[in-house]
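Working notes, structure below.
Just so it is clear, none of the values below were taken in a lab; they were calculated from the coordinates. All values derive from a computational prediction rather than experimental measurement. Glycine gets a Cβ as well: all are built from the backbone with ideal geometry, and neighbour counts include every protein chain shown.
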Amino acid sequence: MQKLYHTALCVCIVLIATGCSDNESKLHQARLVAFGTLVDISTWGVDDDVAEQAVAAVESTFNKIDHTWHAWHPSDLTQIDTQLAKGEQVELDADKIAFFKKAMRLADASGELFNPAIGKLIALWGFNQDDRPQGPPPDPAAITSLLALHPSMDDLIITDTTLKSSNPAVRFDFGGYAKGYAIDQAMAVLRARGIDNAIINAGGDLRAIGVHGDRPWRIGIRHPRNPGIIASVETSGDESVFTSGTYERFFEYDGVTYHHIIDPRDGYPAKHTLSVTIIYDDAATADTAATALVVAGPELWQKTAAQMGITQVMLIDDQLTVYMTPAMAKRIHFEIDPPPKVIIGDVS
Ligand code: AMP
Ligand code: MG
């Protein structure tokens, strides 16, 4: 599925296509716009009115999360940024503390390749706005001086109710995590309504539970260079499938393309990787790991995946060579002819 350009504004239902496509089908499909992406919610096996109410509840969950965690529209997060930069301690509710704690744990596990404390750096590149940045790329001296301040999730001092930062250079950008978090919350909303067969798909990033009638949910994985999909996979039980791709947000300047996944080690867009697909239980971890492994690239992906406890990875490099774990290779079905060159590498 094609991602919409990242205009992350409101969350609104633009279409509800209810109902039954064939005789005994209990498939219900709805579409929202959330986080600048079309979100398709499919349920199977529940009555339309139950499904419609569940979709409305998911819509308000997405709305709330967008208002809480948006990185540049005025939000609870931008408020937290301001207070922490002044050295203040912030009181947070249990949900927000859990959100931060998980992000801190994942950042640490990724060896800080996933580093949502680099909001200033992301802003310097212009990726903290609704419109596509126009360039030019930042002044190298500005990148160097931001890197020298080393903003990291390690700078946070967190308790069960409070948050403080020891580094005023910390500014958050949860663009690589909040969508996964939101999908996890939304899936909990469906579960609480007795829905056991569903898929929440935000522009190709998704969590699926149960089955689609008598068959599994089948997912397409976007080709990182060409229109259409490169591969498909069937989900089983309760799984999240997330892809981070350099094609999602980028700008061109003087014939050079600059994309939105920034390597915190050198401050520039990550090199050598076009996309990474992760399959993992929860969506927040899958989202984060996909972003981190784009930064890790062909050299470091196995080490980083192992640290993060991820065993199902597909990384596509800039030569269109596909690197996969054995666990991923068992499930991936290529949809292009001829299939790509594949290198299998384990993470243990
Ligand atoms: P995703 O599409 O999930 O890979 O997320 C990409 C978004 O994550 C970017 O648009 C930034 O908002 C943010 N981001 C970019 N680089 C990093 C990084 N190294 N660590 C954490 N977040 C990042
Ligand atoms: Mg991500």
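What percent does the relative contact order of segment 135-275 come to when contacts are Cα pairs within less than 8 Å and at least six residues apart?
Answer for segment 135-275 is 17 percent.
Among the listed pairs LYS64/LYS96; LYS64/LYS120; LYS86/LYS179; LYS179/LYS271, give every one whose C-alpha distance is greater than 19 Å.
Distance filter (> 19 Å) returns LYS64/LYS120; LYS86/LYS179; LYS179/LYS271.
Express in whole angstrom the spacing between the alpha-carbon centres of segment 126-171 and segment 90-117.
14
Using 5 Å bins from zero, what percent of all Cα-Cα pairs in segment 152-207 falls into each bin?
Bins of 5 Å from zero give 4, 15, 18, 14, 15, 11, 14, 8, 2, 0 percent of pairs.
Got a sec to turn the phi values of segment 142-152 into Karplus ³J(HN,Hα) couplings, 6.51 cos²θ - 1.76 cosθ + 1.60 with θ = phi - 60°, whole Hz, x for Gly and Pro?
In residue order, the calculated couplings are 5, 5, 4, 6, 5, 4, 5, 7, 6, x, 8 Hz.
Net charge near PHE62: determine it from the other residues with C-beta under 14 Å of the C-beta of PHE62, scoring Lys and Arg +1 and Asp and Glu -1.
Overall, the nearby charge balance is -1.
Summing Lys, Arg as +1 and Asp, Glu as -1, what charge do residues with Cβ under 14 Å from the Cβ of MET328 carry, MET328 excluded?
Around MET328, the charge tally is -1.
Starting from a Cα-only point model with no solvent, please compute log10 I(q)/I(0) by Debye for the chain at q = 0.15 1/Å.
-1.34
Could you give the Stokes-Einstein D for segment 68-165 in µm² per second, using the C-alpha Kirkwood radius, 25 °C, 0.890 mPa s?
168
Normalising by the residue count of segment 68-165, find the relative contact order in percent from Cα pairs under 8 Å and 6+ residues apart.
Relative contact order, segment 68-165: 37 percent.
With θ set to phi - 60° and the Karplus curve 6.51 cos²θ - 1.76 cosθ + 1.60, what are the ³J(HN,Hα) couplings of segment 213-230 in order, to the nearest whole Hz, using x for Gly and Pro?
x, 9, 9, x, 5, 10, 10, x, 10, 5, 5, x, 10, 10, x, x, 9, 9
Would you mind ranking ILE278, ILE195, ILE262 by Cβ crowding within 10 Å, fewest neighbours first?
Listing ILE278, ILE195, ILE262 from fewest to most nearby Cβ atoms yields ILE195, ILE262, ILE278.
Each residue of segment 89-99 in turn: what ³J(HN,Hα) in whole Hz from Karplus with 6.51, -1.76, 1.60 and θ = phi - 60°, glycine and Pro shown as x?
Each residue's phi maps through the Karplus curve to give 8, 10, 8, 10, 6, 4, 5, 5, 4, 4, 4 Hz.
For segment 146-286, what is the convex hull volume of the alpha-carbon atoms per residue, in Å³?
That works out to 139 Å³ per residue.
Would you calculate, for the chain, the mean residue ellipticity at 222 nm contributed by helices, counting each DSSP H stretch of 4 or more residues as -39,500 (n - 2.57) and dividing by all residues, to the nearest 500?
So the calculated ellipticity at 222 nm is -10000 deg cm²/dmol.
Averaging sequence separations of C-alpha pairs under 8 Å and six or more residues apart, then dividing by the length of the chain, give the relative contact order as a whole percent. Could you put the intermediate results ahead of the total?
Details: 751 pairs, mean separation 54.5, N = 348.
Contact order relative to length: 16 percent.
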